[in-house]
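Encoded as structure tokens, the structure appears first; notes follow it.
The values are calculated or read from the model by the stated rules, or taken from the named source; none is laboratory data. From a predicted model like this one, the values you see are computed outputs, not experimental measurements. When we count neighbours, we look across all protein chains shown, and the Cβ atoms used for this are built from the backbone with ideal geometry, even at glycine.
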Amino acid sequence: MLSWLQKPVNFQEVLVDEYFEPVRADYYAGPPGKPLQLLLQARTDFLSMWRASDYREIVSQIRILGRQVVLVNSPALIRDVVVKRQDNYERKSPQMRRALEYLLGDGLFISDGETWRQRRALVADIVHMNRVPAFGPVMEQTAGELVERWRAMPEGATLNALHEMAGLTAEIISRSVFGNQLGEDSAAAVTDSFTSYQALIDSINLGYFIGFDDGLPILRTPSLRRSVKRIHGIIDKVVEDHLAGRGDHNSMVELLIRRQQRNPELKLDVIALRNEAATIFMAGHETTAATLTWAWYLLARAPWVERSVHAEIARVCANRTPTIEDVPQLAWCKAVIEETLRLYPPVPILARQNRRADTLGDIAIAPNSLILIVPWLLHRTESLFSEPHRFLPERFLGDRRPIPYSYIPFASGPRVCPGLHFGLTEAVLCLAIIAQRFRVRVAESHRVEPVCRLTLRPRDGLPVTLERRP
Ligand code: HEM
């Protein structure tokens, strides 16, 4: 319905010698002052609605139906929103809260206020950088299993890299959160149900734009209910097994339960434990899968970078499989992942709803407005990154760092991604383990299109061909 109003999106990719600008949507050039058209455009893809003039250090606003929408694209003001005045901006957008509340309840990703503060300390502790090495063996083994499976395929086999990476990172986070005894069938059922849940929810909440400050609840269709019931059933069983002492002692669920036993004032009942386990599971795999998929696309189109990655893996690991202890030495692999996160931030839009009136730059902001920080725009703003659309991992080599609050693939401030170290380590390690054994090729004729709903992915995944490395 009304889709005829949407403008078709053109994409461009530039590859000349060793200069590579990976694919992106053309700047939006629709007539100004047509908020309904913008909203429809956003329903298809959040990234095709930005004009060339948005890729600057600015704060700007539009009105969509009855709602003020403010774009904040300057590092200083982003700092105000996510750090200095965070108490006013801590609340997620109604779209996000409504889309996920059925599945995650009061889980960390969408909670705020006192619940968020209590649970944040708990979850951050469980996925803290000091604990990441304990999950190294899970990452190594799961990536190793993928390599073995790929090796059993004929040379030149074709696969969908997005599906492969989604399976890999879902398996890693599933074993980390629930432990090893979830079993293949239940693990697959949880992963499939999360995928269908995300496909079924609509991430634009029209109710919010027509005046409901908290948006409107999503329609709980029979298929949505089925997905949620399946996920909740499986997670509840894992939690109950752990509570009865039958769980895997190294899992994150076990850590949550032990914390509750030490701090009963947290009042984590089975449902709260389920909500946090589901939150970590959801937040902890799609993002890393998208990162790895985009990295394969970038390396396939930039073989000169791929050569540096291969040379580094050979230098650091010789012929043994990379392990988590190698990660600090894998500077090129890390730079590729960081540059991938700059060009294709898996969460390309951070949306907040302010509680009180405020002023940002010269814009007066009414309570309950929609505040958008858009890493996709920020990371491609020329005054912050030279040649912003170019793939140039060297930006992240050595001591070079982007200026504060200009590079925020994991968000920033008190709500920064607590799984940052887990996710970065996992992405670097999986990249190294796979790149040591395979070149992942993307057909030159294949047109990749970024599409953004909850996360930023290539539309229909990424068809690739595998080439074994000697
Ligand atoms: C490359 C991988 C990852 C990226 C790019 C990423 C990015 C993000 C971003 C941008 C946010 C903030 C969203 C917002 O404010 O609207 C976030 C939140 C979160 N992430 Fe990650 N993430 C990654 C991996 C992980 C992993 C591996 C875990 C868990 C093991 C995790 C757990 C969480 C949780 C629990 C939150 C909610 C935090 C809160 O609201 O206080 N993430 N992530």
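For the reader, a short list of remarks on this structure follows.
- Of the criteria (1) part of a loop (DSSP other than H, G, I, E, B); (2) within 21 Å of the chain's Cα centre (by Cα); (3) not hydroxyl-bearing (Ser, Thr, Tyr), which one Leu431 fails: (1)
- Pick from the stretch 65-115, criterion within 14 Å of the ligand (Cβ to nearest atom) and among the β-branched types (Val, Ile, Thr), ranking: nearest to Leu370 (Cα to Cα): Val72
- Assessment of the stretch 456-464 against the conditions (in a strand (DSSP E or B) and over 18 Å from the mean Cα position of the chain (by Cα)) yields at least one matching residue.
- Of the strands (runs of 3 or more DSSP E) lying entirely inside the stretch 269-381, those carrying at least 1 residues that are among the small types (Gly, Ala, Ser) are 350-353, 363-365.
- Among the residues listed as Leu370, Leu350, Leu420, Leu377, the single one being under 26 Å from Arg459 (Cβ atoms), within 14 Å of the ligand (Cβ to nearest atom) and either among the hydroxyl-bearing types (Ser, Thr, Tyr) or in contact with a Phe, Trp or Tyr (Cβ under 8 Å, 6 or more places away or on another chain) (or both): Leu370
- Any chance Glu444 is farther than 24 Å from Pro137 by Cα and free of Cβ contacts under 8 Å to residues at least 40 places away in the same chain: yes
- Within the stretch 206-232, residues that are on the phi > 0 side of the Ramachandran plot sit with their Cβ atoms under 7 Å from residues that are exposed (fewer than 13 other Cβ atoms within 10 Å of the Cβ), at 6+ positions apart or across chains, in these pairs: Gly211/Gly66.
- Residue satisfying all of: in the stretch 248-288; polar (S, T, N, Q) and touching a residue at least 12 places away in the same chain (Cβ under 8 Å); nearest to Met165 (Cα to Cα) among these: Thr288
- Checked across the stretch 390-398, the condition of being more than 28 Å from Asp125 (Cβ to Cβ) and at pLDDT below 95 holds for at least one residue.
- Of all residues in the stretch 165-175, one or more are over 22 Å from Ala357 (Cα atoms), more than 12 Å from the ligand (Cβ to nearest atom), acidic (Asp, Glu) and touching a helix residue (DSSP H, G or I) at 6+ places or on another chain (Cβ under 7 Å).
- Residues satisfying the stated conditions in the stretch 447-470, i.e. within 19 Å of Ser196 (Cβ to Cβ) and among the basic types (Lys, Arg): Arg453, Arg457, Arg459
- Cβ-Cβ contacts under 8 Å between residues 6 or more apart (or on different chains), taken from a first residue in the stretch 295-313 that is modelled with pLDDT of 95 or more to a second residue that is assigned to a loop (DSSP other than H, G, I, E, B) and of a type in the set (Phe, Trp, Tyr), are listed as Leu298/Phe391; Arg301/Phe391; Ala302/Phe391; Val305/Phe391.
- Number of the condition not met by Gly413 [criteria: (1) within 16 Å of the ligand (Cβ to nearest atom); (2) buried (at least 20 other Cβ atoms within 10 Å of the Cβ)]: (2)
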